[in-house]
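The values are calculated or read from the model by the stated rules, or taken from the named source; none is laboratory data. Since we're looking at a predicted model, the values are computed, not measured. Cβ sites come from the backbone with ideal geometry, for glycine too, and all protein chains shown count toward neighbours. The area values use the complete protein model at the heavy-atom level, side chains included, leaving out ligands, DNA and RNA. Shrake-Rupley method; radii C 1.70, N 1.55, O 1.52, S 1.80 Å.
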Amino acid sequence: MALFRITVKQNNYSNGIRLEKGMTVDVSSRYSNPVTTNGGHEVIDAFQRMYGIDIKKNGGLSTVYLDVKKIN
């Protein structure tokens, strides 16, 4: 498994949920891109745990809004 750092690239406000530039979560995944693979479930769960928001409902579960870096 690899460790990825997912960072919000730009502010986004949609469906009453705000994403702020710089919000970051770390996700361990066996996939090469946890945002686009397996429905992004690891990323959705990580944002829910860390910030208490549903990033999928916001529409921010996309590489347009998220930067993915492999850190391990």
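Tell me, please, whether a residue that is basic (Lys, Arg), free of Cβ contacts under 8 Å to residues at least 60 places away in the same chain and within 11 Å of Val68 (Cβ to Cβ) can be found in the range 31-49. There is no residue in the range 31-49 that is basic (Lys, Arg), free of Cβ contacts under 8 Å to residues at least 60 places away in the same chain and within 11 Å of Val68 (Cβ to Cβ). When the residues of the range 3-36 are filtered to those that are hydrophobic (A, V, I, L, M, F, W, C) and in contact with a Pro (Cβ under 9 Å, 6 or more places away or on another chain), the one that is nearest to Thr63 (Cα to Cα) is Ile6. Residues of the range 1-24 that are farther than 15 Å from Ala46 by Cα, of a type in the set (A, V, I, L, M, F, W, C) and touching a helix residue (DSSP H, G or I) at 6+ places or on another chain (Cβ under 9 Å): Ile17 alone. Of the strands (runs of 3 or more DSSP E) entirely within the chain, those holding at least 3 residues that are of a type outside the set (S, T, N, Q) occupy 2-8, 17-19, 24-29, 66-70.
Of the residues making up the range 19-40, those that are modelled with pLDDT under 95 and open to solvent by 80 Å² or more (accessible area, probe 1.4 Å) are Arg30, Ser32, Thr36.
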